[in-house]
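A quick write-up on the structure given underneath.
The values are calculated or read from the model by the stated rules, or taken from the named source; none is laboratory data. Note that the coordinates shown come from a computational prediction; the quantities given were computed from them, not determined experimentally. Because the Cβ atoms are built from the backbone with ideal geometry, glycine has one as well, and the counts that use them run over all protein chains shown.
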Amino acid sequence: MSGWIPAQRAKIIALDIETTNLDMKVEGLSFNEPRGWTTGCVVVYDAWNDHPHYFTDAELSPRHRLRSHLRPLSDLGRCLEHYANKGYILLTQNGTLFDLPILAKDLRDGGAGITTQIENMVHIDPTELLMRDTGKRYSLQKLVKGVLGDSASKSMAAALAPVEWAKGHYAEVILYCEQDCRLTAAYFMQAFLDDSIEAIHTIGESESVEVLNPLGWANEFANLEVIENLIDS
């Protein structure tokens, strides 16, 4: 239960979900509409203490090392309340349009019933900011490669995760979500410290680097009252 660790400690929790849905077209789903999506698992990564929390209602093998660390989806709200009370920032990758609206739904409707907890936390979604400034959506992999370099990478292609979940490979998908959380926290913190964010585009064997924040990445958060909690100096 370890992976990429941000170079700088920060009072951030990074959150990522995986859904159980396999075919958007057949199921009539949209990325910008929570209706119909069902949550398979959620990972919350505490970047200050380098500690992941795992939430799922799926059953893992009794012998799997993750089993004793799992909590039901109904516990997610209490986890977020704990971190909100400690002044943590909630960090997601495309959470504004995808993860959080799904999790805000009732448990019986495929969510986690955390509307109140979401509203009570300061939330940063770099994807949303980049979409606002560039009109483009950047994948986590492109941002990770641009900011952290070639040694950083997702552990699985995003499209494969729900397929693996459907096969019953729950632990592998949960750990994939943990890695995404760690990478999101790491690239965000590094971009904040560098006051620069870049994306790597790969076409065939050639790569190009795109600088996405000409006005300065850190300036985006200068007005947050909790910003002093972001850097452990």
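Of note:
- Residue pairs meeting the criteria (Cβ under 6 Å; at least 6 apart or on separate chains; first under 16 Å from Ala152 (Cα atoms) and in a loop (DSSP other than H, G, I, E, B), in the range 1-23; second of a type in the set (S, T, N, Q) and modelled with pLDDT of 90 or more): Gly3/Gln179
- Test: Gly146 is modelled with pLDDT of 85 or more and assigned to a loop (DSSP other than H, G, I, E, B): no
- So Lys154, is it assigned to a helix (DSSP H, G or I), surrounded by 13 or more Cβ atoms within 10 Å (Cβ to Cβ), at pLDDT below 95 and of a type in the set (D, E, K, R): no
- When restricted to residues that are closer than 13 Å to Glu33 by Cβ and either β-branched (Val, Ile, Thr) or at pLDDT below 95 (or both), the range 99-115 contains 1.
- Cross-chain or 6+ apart pairs with Cβ under 7 Å, the range 106-118 first and over 13 Å from Val44 (Cβ atoms), then among the small types (Gly, Ala, Ser): Asp106/Gly113; Leu107/Ser74; Leu107/Gly113; Gly111/Ala104; Gly113/Gly77; Thr115/Ala104
- Being buried (at least 16 other Cβ atoms within 10 Å of the Cβ), under 13 Å from the mean Cα position of the chain (by Cα) and β-branched (Val, Ile, Thr) is a property that Thr115 lacks.
- Members of the range 44-87 found to be part of a helix (DSSP H, G or I) and of a type in the set (Gly, Ala, Ser), listed by number: Ser68, Ser74, Gly77, Ala84
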